[in-house]
Amino acid sequence: MALDELYKEVILDHYKTPRNKRGLPGAEVSCKKNNPLCGDEITIRAHLSDGRVQEIAFEGQGCSISQASASMLTEAVDGKSVTEAAALAEKFRGMMEGKVEPEEDVFGDLVALRGVVKYPVRIKCAVLAWDVLQEALAGATTSARH
Amino acid sequence: MTAIGGGMLDAERIRKDFPIFERTPHGKRLVYLDSANTSQKPRQVIDAVTDFYERHNANLYRAVYELAEEATARFEEARARLARFIGAPDPSCLVFNRGTTESVNLVAHGYGRKFLREGDEILLSDLEHHSNVVPWQFCAQATGAKLRFISLDEEGRLDLANLDGLITERTKVVAVTGQSNVIGTMPPIRRLADAAHAVGAVIVVDGAQLVPHNRVDVVELDIDFLTISGHKMLGPTASGGLYGKREVLDRMDPFLGGGEMIMEVHRDHSTFKDPPHRFEAGTMNIAQEIGLVAAIDYLEDIGMDSVRAHEKDLTRYAIDRLLDVGATVFGSHDAESRGGAVSFWFRDIHPHDMAQVLDQEGVCVRPGHHCAQILMRCLGVPATTRASFYVYNTQEDVDALIEALGKVEAFFGSR
Ligand SMILES: Cc1ncc(COP(=O)(O)O)c(C=O)c1O
């Protein structure tokens, strides 16, 4: 398999010029995780109001796959409701397990990460940001119930 | 390539003994720079394992027929051979098991849990592989002993300026690597052994990297325990074992319980065999240890001094070329005093991305923390890319790595 099927142009673009990579003071939700295997590290912060992601940003370090995935994530879930964002995270996970055929209009740039499925060690890198998002949102829903 | 410097070793010829080099990953020459992870195996070792299964296979000790006697004799010959290889005075000092991880666990359990008490100290170093950390954490939790760590200087060497403060009356175990699997540091083992013995402590040396690449004499070094990973020295996976001074092994508790390690079993208690059999429960890794004999023969044919000289030359060459292309090389740059595990960082390209591109060029390196997260924190990086060498590597392999780094750079560009 050729390398450029894994490292699609879009991925390298998100890696080299990440979107929404910054701090987010006063964010209602925030979560940080790392992948001990390779030291990838991602923090996601978001402003939520009325059950919607109003603004989302990430910080982190790691390989191109993990960082590009985080960058794409912030674009994909910005403006979505918490429920929609959680559903997208599930779909993304499904794509990484080879179970879900990605729909271009739902996934956008994220489709590019599909090539990672063929590289089992790298799947964790692609999924890390989504783990962080899911945990952040789960935190938001539990604290909302209080 | 003609051998460089040390001169006695013909790596191109050696390569031909290793069937794996007939593989051409992604259509490229296989450039295997991951021997610190596990080494490749020569035909001689593969044949020895096959020959055992085809002609002598039987379980040990338990039977009286000819095959079983042959298997037992070969297994015990293997013990004597490995003992001789590391200068052990007697084969009974050599316990067979799966290698370093199992050996450290054995010592931490059989010695540590038996003899350590609250207030005692176990001294490790910041270089250690997780297999020489985690078993000691278990031991500390079980006994109340405390872990301390020898820190490193800028060149990744142990900082022993305050040795008297590190090894004290409280110290009961000093457990250090003989050679770092990440940055090649080779701690002064004899000096540490003397300091440990002066306070009545034992020294445990993680020999996973030391033994495959150097001539080692446990008597000269005066070490109490040495771990050996056969799979890193041309031998089969799950071969190797633990050297222990016989008088220390004699005082230890068993590790795993089961068949073959016992004298008598009663409903309420059991009695145990003498070392080494006390520490060998159940069916052993028979074919693997017999295969390891062929690996030792192979290494001794080359000569361990030639092995070391060859790796020194390659390490020097690799460090020079990596520095030339602007890579950061961790640890000491002096090949004379370090082993051949060369970790580097290049153009801020993450090691995982780097290794993926290198793979396309047939170059096998290891990205990651190398089971040494404590050391990664000292180096201030989440991971490194590591190239490591053995008898079958050539300058051409280093050149292939450097050339492939050029492609990595072109691919990921600068950020
Ligand atoms: C320095 C060092 N110690 C311990 C180990 C663990 O050895 P093994 O996997 O053979 O038990 C390794 C290799 O992975 C190593 O390089």
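The values are calculated or read from the model by the stated rules, or taken from the named source; none is laboratory data. Here the structure is a predicted model, which means the values were calculated and not measured. Every residue, glycine as well, gets a Cβ built from its backbone with ideal geometry; the counts of neighbours run over all protein chains shown. SASA here: full protein model, heavy atoms, side chains in, ligands and nucleic acids out. Shrake-Rupley method; radii C 1.70, N 1.55, O 1.52, S 1.80 Å.
Here is how the numbers come out for the structure above:
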read-out: Rounded if a/c under 1.5, otherwise prolate or oblate - the stretch B:155-262, Cα gyration tensor axes; value: oblate
read-out: Carbon + sulfur, % of accessible area of the protein assembly as shown - ligands and nucleic acids excluded, 1.4 Å; value: 49 percent
read-out: Fraction of beta bridges assigned by DSSP in chain B that are antiparallel (%, nearest 5); value: 55 percent
read-out: Length-normalised contact order for chain B - Cα pairs under 8 Å, 6+ apart - percent; value: 23 percent
read-out: Prolate/oblate/rounded label for the stretch B:45-112 (Cα gyration tensor, a/c 1.5); value: prolate
read-out: Centroid-to-centroid separation of the stretch B:70-102 and the stretch A:50-113 [C-alpha atoms, Å]; value: 55 Å
read-out: Convex hull volume per residue in cubic angstrom - Cα atoms of chain B; value: 143 Å³
read-out: Accessible area in square angstrom per residue, the stretch A:3-141, 1.4 angstrom probe; value: 43 Å²
read-out: Radius ratio Rg over Rh of the stretch B:284-415, counting only Cα atoms, Kirkwood formula for Rh; value: 1.02
read-out: B:Tyr61, B:Tyr392, reordered so the largest accessible area comes first (probe 1.4 Å); value: B:Tyr61, B:Tyr392
read-out: Cα shape, the stretch B:19-165, gyration tensor, a/c 1.5 rule; value: oblate
read-out: Under 30 Å from B:Lys114, Cα to Cα: lysines that are on another chain or at least 8 residues apart; value: B:Lys146, B:Lys172, B:Lys245, B:Lys273
read-out: Kirkwood Rh (inverse of mean 1/r, distinct Cα pairs), the protein assembly as shown, angstrom; value: 25.9 Å
read-out: Interface A:B - total buried accessible surface [probe 1.4 Å, Å², rounded to 100]; value: 1600 Å²
read-out: Point-charge dipole on Cβ atoms (K/R +1, D/E -1) for the protein assembly as shown, about Cα centre, debye to 20; value: 760 debye
read-out: Per residue value of the accessible surface for chain B (all protein chains in place, 1.4 Å probe), Å²; value: 39 Å²
read-out: Rg/Rh (Cα only; Kirkwood hydrodynamic radius) as it applies to the stretch A:3-141; value: 0.93
read-out: Rounded to 5, percent antiparallel among DSSP beta bridges of the protein assembly as shown; value: 65 percent
read-out: Solvent accessible area, Å² - B:Asp222, 1.4 Å probe, full protein context; value: 40 Å²
